[in-house]
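Derivation of every value follows stated rules applied to the coordinates shown; laboratory data play no part. What you see is a predicted model, and the numbers here were worked out from it, not measured in a lab. So basically every Cβ, Gly included, is an ideal-geometry build from the backbone, and we count neighbours across all protein chains shown.
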C-alpha cells in the first residue's frame with residue numbers, strides 16, 4: 001500500500017475516529033450547525049443585497065465553507081479525510097458539469113439577466129458542494145454525526161410547527177420576520193390555497209419545497225425516536241408527529257409520494273413488532289387527516305382522482321413538448337445552469353427535465369450519479385456498520401436520499417434554496433456514515449474495508 005493509502009487508513013481507523021478542531025474548538029459539525037440554522041429558520045425570500053437567490057445567508061455561508069474546506073484540507077493537522085470517498089467524487093463530477101455548462105453558455109452572448117443567473121448558479125453550486133464535502137470528510141465520529149442530524153430534525157420540526165400555525169391561521173407568518181441587513185427577494189409563489197384550503201410554506205418558497213424538506217427529514221426523525229433514550233423518547237416522537245402532521249398541509253401529491261417512498265425503504269427493515277405498528281399508523285393516517293380537517297382528506301382524494309386531467313398534471317406533461325426545442329438546441333451541456341426562467345419561458349416542475357434544458361445530458365447524468373452514489377454508499381454503510389443503531393441510521397439516510405430523488409421529479413428542486421441545501425448536506429452525511437462505518441468494519445476485518453474502499457462510486 002502506498003504512503004498516501006496508509007495515511008488514509010490510519011485516519012479512518014483512529015481509535016476515536018475524530019478530526020482535529022480549530023484552535024477555537026470549532027469542528028465541522030459546529031460550522032454545519034450554523035448552516036442548518038440559517039438554511040431552515042430564515043425565510044427563503046430574505047437575501048443579502050442584490051445577490052438574488054444566491055444571496056440567502058445560508059448560501060453565502062456555504063460558499064465560505066467550501067473555501068474553508070479547501071484550505072484546511074491542505075493542513076494535515078486538521079485531520080480532514082483525504083482518502084477515497086465516493087460521495088465526494090460524485091459531487092466533484094456534478095460541480096464539473098455545472099462549470100462546463102457555464103463555459104459552454106458563455107461562448108455566445110447571453111441576456112444580462114441570464115448572465116447574472118448563471119453567475120449566481122456558480123455560487124449556489126459552490127455552496128452545495130462545500131457543505132457536502134465538509135460533512136463527508138470533516139465529521140469525525142458517529143456521535144458528532146448524530147448531533148448534526150438531531151439539529152437537522154429540530155430545524156425541520158420548527159418548520160413543521162410554523163406550517164401548522166399557518167394552516168390554522170391561514171396567514172403567511174414569515175412576512176412579519178424582519179432581519180437587519182436582509183432584503184425581500186420576491187418569490188413566484190407565496191402562501192397559496194387549493195379549494196379554499198391554505199397550502200403552507202413555512203420558511204420555504206412554496207409548498208412543494210416544504211413537502212420535500214419535511215419528507216427528507218422524516219426518516220431521520222423516525223430513526224431518532226426509535227433509538228431515543230426513555231428520558232427523551234416522547235419529545236422525539238413529538239417531532240415525528242409534527243413533521244408528519246405538517247406534510248399533508250402542503251396539499252400536494254408530492255408529500256404523499258415522499259411518505260410512500262420512505263415507508264417502502266424503511267418499514268421492511270424493521271422488526272416485526274415495529275412493522276405492525278407502522279402498518280397500523282399508515283392505515284389510521286386517513287382518519288387522522290380527516291379529524292384534522294375533513295376538507296383536507298377530500299382535497300387529496302380529488303388530487304389523485306384528477307391525475308392526468310387537472311392543470312397541475314397537464315402543465316407538467318405539456319412541459320415535455322415545450323422543452324424539446326431547448327434540449328435539441330443544446331443537447332450535451334444545456335443553455336446554462338439557473339437560466340431557464342419560468343417568468344420568461346414556462347414552469348417545468350421536474351428538476352430532471354429542467355436540468356436537461358439547463359445543463360444538458362451531462363448535467364442530468366451528474367445529478368443522477370449523485371443520488372445513485374448516495375443511495376449505494378448508505379447501503380454499503382449499513383452492511384459495514386458494527387451495531388444495529390448505525391445500520392438503522394444508514395438505512396434512514398438511504399430513505400432520505402430516495403425521497404429527494406423522487407421529489408426532484410415533482411418540482412424544480414435546484415431552483416430553490418432550502419430543499420437542495422438540505423439534500424446536499426444529507427448526501428454529505430451519507431459520505432460521513434460510509435467513512436465512519438468503514439472505520440468500524442476495518443477494526444473488525446481489514447479485508448472488509450478494502451472491499452468498501454474499492455466499491456464503484458455509482459454502482
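Tabulated data for the structure shown
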item: Segments 44-50, 159-165, 245-251, 396-402 sorted - mean Cβ within 10 Å per residue, highest first; result: 396-402, 245-251, 159-165, 44-50
item: Full-extension gain in nm, residue 179 to residue 270, via 0.36 nm per residue minus C-alpha separation; result: 28.3 nm
item: Against the rule of thumb 2.2 N^0.38 Å, how large the Cα Rg of region 27-452 comes out; result: 0.95
item: Length-normalised contact order of the chain in % [C-alpha pairs under 8 Å, at least 6 apart]; result: 23
item: Mean Cβ count within 10 Å, highest first, over the residues of peptides 355-367, 70-82, 428-440; result: 428-440, 355-367, 70-82
item: Burial order of peptide ranges 330-339, 384-393, 216-225 (average beta-carbon count within 10 Å, highest first); result: 216-225, 330-339, 384-393
item: Cβ-derived FRET efficiency at R0 51 Å, residue 284 paired with residue 328, nearest 0.05; result: 0.55
